[in-house]
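Asker: Dropping a structure here in structure tokens format, bear with me for questions.
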Amino acid sequence: GKLVFYPEVAEALEGNDAVHVRCEETLIISKASMPIVAYNRIIGAVYLLERNGNQAQLISSLQRNIFWLSVGLEIAVVIVSVLFALIFSRRMGKLFDSVRKMHGGDYSVRLPERGRDEVARLGVAFNELAQRLNQSEEVRKQFVSNASHELKTPLASIKLLSDSILQNDMDQGTMREFVSDIGSEADRLTRLSAKLLELTRLDTKPPETLSTVAVLPVADRVLRMLNPLARKQNIRLDLDCPAGCAITATHVD
């Protein structure tokens with residue numbers, strides 16, 4: 001006593017095939033309808049209805065798996081990103097610490113050269129720079145040491161000669177000779193100062209020309225400068241130059 005009329009049947013009576021599918025949580029409802037045609041006239045329709053719970057459960061399970069897989073992938077991406085950021089931050093922190101140590105004068109610091117990324121290449125460049133600065137610092141220290149030694153010798157000679165003049169009664173000729181030696185040492189200091197200033201402007205390439213120095217006059221001048229101090233300590237100095245110049249010291253009782 002009731003009239004049941006479906007939209008799918010209405011579409012089929014209009015001459016169209018109709019298929020509608022609705023998915024619920026535990027059920028898939030499929031509706032289909034198509035017209036019945038006789039002598040080019042629509043005389044009715046066929047209506048089909050299917051309720052499938054297995055496919056609904058399968059699709060629901062697939063949706064849950066995809067959801068949890070997406071969540072897991074997002075968590076993994078976040079964890080990997082955090083770890084990468086921590087590793088990168090730690091490597092950059094080591095680089096900054098090394099730069100601060102180098103700024104403080106410690107040129108022996110080195111960075112580990114692991115990997116092939118930009119940070120590793122930056123570490124290689126930093127180590128090369130630190131090595132060059134360390135070599136430059138060693139050269140500077142050696143230069144300062146050599147310069148101090150070279151300046152100390154004429155200063156000590158001038159002090160020795162002036163003390164000898166003040167503490168001993170000398171004739172006019174000997175005093176004139178000592179004063180001449182003091183002037184020579186002063187000229188030597190002037191030449192050393194000029195050479196040191198010139199060395200600061202020159203490159204590290206070796207000199208192109210070398211000159212020969214006579215050893216005997218140098219040894220004789222050193223012997224004259226050391227004789228006053230040697231006599232005070234009861235030491236006799238002799239210059240021996242048969243094959244090579246040498247100054248021998250003998251204690252006099």
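The values are calculated or read from the model by the stated rules, or taken from the named source; none is laboratory data. Given the structure is predicted, the values throughout are model-derived calculations rather than measurements. In this analysis, Cβ positions are derived from the backbone assuming ideal geometry, glycine residues included, and neighbour counts consider all displayed protein chains. Areas reflect the complete protein model, heavy atoms only, side chains present, ligands, DNA and RNA absent. Shrake-Rupley method; radii C 1.70, N 1.55, O 1.52, S 1.80 Å.
Asker: Need the failing condition index for VAL109 against (1) over 24 Å from ASP220 (Cα atoms); (2) in a helix (DSSP H, G or I); (3) among the aliphatic types (A, V, I, L, M), just the number.
Answerer: Tallying (1) over 24 Å from ASP220 (Cα atoms); (2) in a helix (DSSP H, G or I); (3) among the aliphatic types (A, V, I, L, M), VAL109 fails exactly one: (2).
Asker: Applying the selection to the stretch 50-102, what residues are touching a strand residue (DSSP E or B) at 6+ places or on another chain (Cβ under 6 Å) and assigned to a helix (DSSP H, G or I)?
Answerer: Selection gives GLN55, ALA56.
Asker: Sort through ARG191, ARG91 and tell me the only one that's of a type outside the set (Ser, Thr, Tyr) and exposed (fewer than 15 other Cβ atoms within 10 Å of the Cβ).
Answerer: The unique qualifying residue is ARG191.
Asker: Let me ask you something else. Can you tell me which residue is farthest from PHE84 (Cα to Cα) among those in the stretch 100-125 that are modelled with pLDDT of 80 or more and open to solvent by less than 70 Å² (accessible area, probe 1.4 Å)?
Answerer: Only one residue fits best here, namely ALA125.
Asker: For the structure I just gave you, tell me whether GLU128 is within 18 Å of MET225 (Cβ to Cβ) and out of contact with any Asp or Glu (no Cβ under 9 Å at 6 or more places or on another chain).
Answerer: When the stated conditions are applied, GLU128 does not pass them.
Asker: If you don't mind, there's one more thing I want to ask. Restricting attention to the stretch 8-45, report how many residues are open to solvent by less than 80 Å² (accessible area, probe 1.4 Å) and either out of contact with any Pro (no Cβ under 8 Å at 6 or more places or on another chain) or in a helix (DSSP H, G or I) (or both).
Answerer: The qualifying residues number 16.
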